[in-house]
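The values are calculated or read from the model by the stated rules, or taken from the named source; none is laboratory data. Computed from a predicted structure; not experimentally measured. FYI the Cβ positions are ideal-geometry reconstructions off the backbone, even for glycines, and counts take in every protein chain you see. Side chains are part of the model used for accessible areas, which takes the heavy atoms of the whole protein and leaves out ligands, DNA and RNA. Shrake-Rupley method; radii C 1.70, N 1.55, O 1.52, S 1.80 Å.
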Amino acid sequence: MSTSNPTTPSNEEDQKSKKNKRYKFLLGINYICLFVGSVSSSLLSKFYFVHKGSSRWVSTWVQCAGFPLLLIPIFLPHYLFKCSDRKPFSGFTPRILILSVLVGLMLGVNNFLISWGNSYLPVSTSSLLLSSQLIFTLLLSVIIVKQRITFQNLNCVILLTLSSVLLAVGSHHDKPQGLTRAKYFIGFFCTVGAGLLFALYLPVMEKIYREIYNYGMVMEMQVVMEVAATALATAGMAWDGGFPEMRRESLEVFDLGEKAYWVTVMVNVVTWQLVFMGTAGMVFLTSSITGGICMTALLAMNVLGGVVVYGDAFGGVKVVSTVLCVWGFCSYVYGMYLKMKDDEKDKENNGNGEDLIVMSNKDHHHHHEMEMVEVNLAANHV
Ligand SMILES: Nc1nc2[nH]cnc2c(=O)[nH]1
């Protein structure tokens with residue numbers, strides 16, 4: 001695991017700080033994507049429903065159809081800015097390609113289930129069911145990527161879960177019209193299924209990312225996944241009359257008119273890409289459980305977004321839920337920060353010559369990223 005470069009100590013220091021800066025830069029960008037994407041997609045989905053949009057297929061399709069947008073950050077660095085020597089889409093092995101397609105199909109089914117569940121169940125019920133998702137993410141990441149359960153991550157998962165349970169219990173029981181028992185059960189199983197699939201998606205991605213060493217590759221895999229998910233959604237739509245339904249909805253149902261409808265749908269397509277790209281990047285740069293925690297913690301931001309933009313009521317239970325969420329998330333991030341400082345100190349104490357990094361589970365990708373930049377730097381110098 002250790003690489004000993006024939007470089008002078010000062011050069012080595014330089015490279016280390018460069019790597020660290022690059023890592024922090026990528027982490028920052030990804031979190032901004034996740035943040036902006038999550039808040040705006042939740043606001044826009046609500047906008048769509050408030051103005052009488054109700055198509056399950058449209059909700060499914062917008063979550064993945066924006067994949068061509070990812071081609072911009074993939075191709076620009078190589079062809080326009082010339083700041084990367086790596087040719088886009090050159091690192092796929094058949095194995096990685098097949099795995100990406102399979103995970104993409106899983107994501108497609110998840111998107112479909114979540115849209116179906118949302119259309120049958122009251123918002124409060126579906127949020128309640130989805131609040132179990134983070135616990136499953138932790139459990140599955142213990143099984144799949146040998147994540148260690150620590151006080152820090154367990155504490156955070158419990159606080160965030162409590163926070164989302166409270167939120168769901170405290171929200172309005174706006175029962176959709178004509179909710180029969182059968183429909184309730186369909187909605188129930190779709191939503192639980194979506195939660196489980198998403199909880200599986202995160203550690204499975206982490207496992208696959210352990211075979212790759214480059215952030216560009218993460219985006220490229222994301223394109224492949226989203227193409228697979230879009231193919232599934234498009235096939236479903238074509239088979240079930242989703243396209244005529246979309247057209248009819250734009251012309252007759254959406255109460256702000258056709259133009260506003262297409263703008264809403266298209267902007268939603270963009271915001272969903274930010275969500276999924278941000279999630280994938282966070283999982284690659286940290287771990288599946290940290291990625292899941294970062295996503296879930298944004299629920300509080302979505303609630304605040306609703307309060308600011310739509311004037312939703314904000315009192316009692318929502319306040320408690322938000323406090324729990326912010327508390328849980330901040331203590332997690334602070335704990336991670338302390339651990340990172342500790343590790344850096346340990347490394348310094350071990351001396352420069354010996355570049356042995358003891359990998360804890362959490363650091364895995366940090367180290368990965370370091371290695372990747374090392375590989376790139378080495379390639380550039382040869
Ligand atoms: N099941 C599920 N699907 C998602 N798609 C985007 N976010 C989520 C999530 O939190 N859960």
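Considering only the other residues whose Cβ falls under 14 Å of the Cβ of SER250, what net charge follows from Lys and Arg at +1 and Asp and Glu at -1?
So the environment of SER250 carries a net charge of -1.
Could you give the distance between the Cα centres of segment 193-262 and segment 140-171, to the whole Å?
Distance between centres, Cα-based: 26 Å.
Please sort 273-283, 258-268 by packing, taking for each peptide the average over its residues of neighbouring beta carbons within 10 angstrom, highest first.
Going from most to least packed, we get 273-283, 258-268.
Normalised by the number of residues in the chain, what is the relative contact order in percent for Cα pairs under 8 Å and 6+ residues apart?
For the chain, the relative contact order is 33 percent.
Can you bin segment 67-117 into rounded, prolate or oblate? Criterion: square roots of the alpha carbon gyration tensor eigenvalues sorted a ≥ b ≥ c, rounded for a/c under 1.5, prolate for a/b above b/c, oblate for the rest.
oblate
In the neighborhood of VAL58, defined by Cβ-to-Cβ distances under 13 Å, what is the net charge if each Lys or Arg adds +1 and each Asp or Glu adds -1?
Net charge around VAL58: +1.
Place a +1 charge on the Cβ of each Lys and Arg in the chain and a -1 charge on the Cβ of each Asp and Glu, then give the dipole magnitude about the Cα centre in debye, rounded to the nearest 20.
For this selection, approximately 580 debye.
Just check segment 214-315 against the gyration tensor rule for me: Cα atoms, a ≥ b ≥ c as the square roots of the eigenvalues, rounded for a/c under 1.5, and otherwise prolate or oblate depending on whether a/b exceeds b/c.
Oblate, since a/c reaches 1.5 and b/c is not below a/b.
Using a 1.4 Å probe on the protein chains only, how many percent of the accessible area of the chain belongs to carbon and sulfur?
Answer for the chain is 69 percent, counting heavy atoms of protein chains only.
Let me know the shape class of segment 43-162, please: from the alpha-carbon gyration tensor, a ≥ b ≥ c as square roots of the eigenvalues, rounded when a/c is under 1.5, otherwise prolate if a/b is greater than b/c, or oblate.
oblate
At 222 nm, what value in deg cm²/dmol follows for the chain if DSSP H runs of at least 4 each add -39500 (n - 2.57) and the sum is divided by all its residues, to the nearest 500?
Computed mean residue ellipticity for the chain: -26500 deg cm²/dmol.
Quick check: pseudo-label points 7 Å beyond the Cα along Cα→Cβ at ILE144 and TYR184, how many nm apart are they?
3.2 nm
Tell me the label-point distance for the pair TYR337, ARG95, using the 7 Å Cα-to-Cβ offset, in nm and rounded to one decimal.
Placing both labels 7 Å along Cα→Cβ, they lie 4.0 nm apart.
Please grab the % of Cα pairs in the chain that end up more than 38 Å from each other.
21 percent
I'd like to compare 227-236, 56-65: which one has the highest average count of other Cβ atoms within 10 Å, and what's the full order after that?
Going from most to least packed, we get 56-65, 227-236.
Per 0.36 nm of contour for each residue apart, how much would the distance between PHE75 and LYS207 grow if the chain were fully extended, relative to their Cα-Cα spacing?
Full extension of this stretch gives 45.0 nm more.
Only helices at least 18 Å long along their own axis, judged from Cα atoms, and with Kyte-Doolittle mean hydropathy of 1.6 or greater: name those in the chain from DSSP H.
Both cut-offs are met by 151-170, 288-310.
Which Cα, out of GLN273, VAL192, ILE289, lies furthest along the positive dipole direction of segment 191-306 (beta carbon charges, K/R +1, D/E -1)?
Value: ILE289.
VAL307 to ASN11: FRET efficiency via 1/(1 + (r/R0)^6), r the Cβ-Cβ distance, R0 41 Å, to the nearest 0.05?
0.20
Pop the C-beta distance of ASN350 and ILE158 into the FRET formula with R0 = 30 Å and round what comes out to the nearest 0.05.
0.30
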